[in-house]
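The values are calculated or read from the model by the stated rules, or taken from the named source; none is laboratory data. From a predicted model like this one, the values you see are computed outputs, not experimental measurements. Quick reminder, even Gly has a Cβ in these numbers, built from the backbone with ideal geometry, and neighbours come from all protein chains shown.
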Amino acid sequence: MTILGLIGILLSLAGLFFASARQSQPRAIFAIALILLHIAASIAYYSYAQSNPSDAFLYYYDPYRMREQDFELGTVFLVKFVYFLKLILGGTYLDYFLLFQSFGIWGVLLLFRTAQEIHDQLGQRPSQLSYLLLLFPGLHFWTSALGKDAPVFFAVSLAAWAVIRLRSRILAFFAAIGIMVLLRPHVAMVTIVALAVTTLFDSRSNRLAKFGLLAAAIVGIAYIGMTLESTFKIDVTDANSVSDFLATQQQKGQNTQGGTMVRDASFGLRLLSLLFRPMFFDANGLFALIASVENLITAFLLGFVVINWKELAWLSRRVFFVRFALVFSVAMILLLTLVYYNVGLGSRQKVMTYPALFALFIAQWAFHRGRVWQRRHPPASELPARPEHGSVATQVSK
């Protein structure tokens, strides 16, 4: 490890700035623990990449000499960017793992802050369960390597956090879109579409604000559509072009060997595989067993959301960021399901949905806890109800 690796570690520690709007000793200790866990995951991923196929090898060693190709968004851009850094700063393979993992921990710490702000908006104390979600092994492992996953995860986390107070954080939202466009333009398109749909169905936004956001969304969608066409040869306005691209992605799966394939499966089976595999019955190693535990927890969390769908519907009608998180999560999961063909790839790519999914669950869990509190503590006839942090319904209605 050289000075570049130390810079990566220092950048990780700088992420404490994202951790909390109101810093306290327990929150600071938990944030530092998250940083140390993420650095450990990066070193573990580096060790794993020494003897297993990894996209990081492509970005660092550039075996196909992509640095000499014409500029393209996505993979070619990142290869050129890493090559430029190596010319200027040098650095070992491990150094670039430690450098890029800093983006991942920034995203995790933004989720930490998002959870706090969601509880504040809903008038509830932060729950331990909300913070324990940030210890998901996959959340740290897949965002700790050299590659596109860590910065894109940070961008999605930044967008989710910005939407909570969009008017004052609009620049942060645009910065998130910019990162997505450079690395995964289709994620940027899903994000902008989610914002447009959220705005369109917001009854409390005035017409001028709606018009401005929708106009910006249309311009953004048009621009990203052009970048997708130039980079991936997809015309998003042509159904045949889109279907050809999806068929190509499926063909990749047909040409890939291994027991984790989902060949010729129905859409529903691919969806379940994306969300919940590997599961214990097809786990073939320690990493797969850990992922199985994580997927089992995910199944319980999504089960809670589905069982309490009426609460989610109530929140999504009244809370802007909840509606955004719902639209983004559904759209992103459906898109990933369409191109899904491999369990390993699915486990890595679905991490892009975690910021919105976590925000969605945390909001619904906080709201549910508030309703349970009110049922258990009905107001006395002579006194109004006064939960310690205010009524959830009252806070949301504001």
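Here's the yes/no breakdown for (1) hydrophobic (A, V, I, L, M, F, W, C); (2) at pLDDT 85 or above:
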residue: Gln254; (1), (2): no, no
residue: Leu275; (1), (2): yes, yes
residue: Ile290; (1), (2): yes, yes
residue: Glu294; (1), (2): no, yes
residue: Ala313; (1), (2): yes, yes
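Residues in the range 34-57 that are surrounded by fewer than 17 Cβ atoms within 10 Å (Cβ to Cβ) and under 16 Å from Trp106 (Cβ atoms): Leu36 only.
If you go through the range 97-132 and keep only what is in contact with a Gly (Cβ under 7 Å, 6 or more places away or on another chain), at pLDDT below 80 and on the phi < 0 side of the Ramachandran plot, you end up with Leu122, Gln124. Where helices (runs of 4 or more DSSP H) fall entirely within the range 123-192, those with at least 2 residues that are buried (at least 17 other Cβ atoms within 10 Å of the Cβ) and among the aliphatic types (A, V, I, L, M) are at 149-164, 170-183. Out of everything in the range 58-84 that is without any contact (Cβ under 8 Å) to a residue 60 or more places away in the chain and buried (at least 16 other Cβ atoms within 10 Å of the Cβ), what residue ends up being farthest from Ser12 (Cα to Cα)? Within the range 58-84, the match that is farthest from Ser12 (Cα to Cα) is Met66.
Only one entry in Arg270, Arg348 is under 23 Å from Trp142 (Cα atoms), over 16 Å from the mean Cα position of the chain (by Cα) and not hydrophobic (A, V, I, L, M, F, W, C), namely Arg270.
Across the range 3-33, the number of residues qualifying as polar (S, T, N, Q) and loosely packed, with under 13 Cβ neighbours inside 10 Å comes to 3. Of the residues in the range 23-37, none is part of a loop (DSSP other than H, G, I, E, B) and among the β-branched types (Val, Ile, Thr). Being over 28 Å from Ile118 (Cα atoms), outside any helix (DSSP H, G or I) and not acidic (Asp, Glu) is a condition met by no residue of the range 12-21.
Among the residues making up the range 352-373, those that are farther than 30 Å from Pro185 by Cα and either in contact (Cβ under 8 Å) with a residue 60 or more places away in the chain or of a type in the set (Gly, Ala, Ser) (or both) are Trp365, Ala366, Phe367, His368, Arg369, Gly370, Arg371. The lone criterion from (1) farther than 21 Å from Gly178 by Cβ; (2) of a type in the set (Val, Ile, Thr); (3) in contact with an Asp or Glu (Cβ under 9 Å, 6 or more places away or on another chain) left unmet by Ile88 is number (3).
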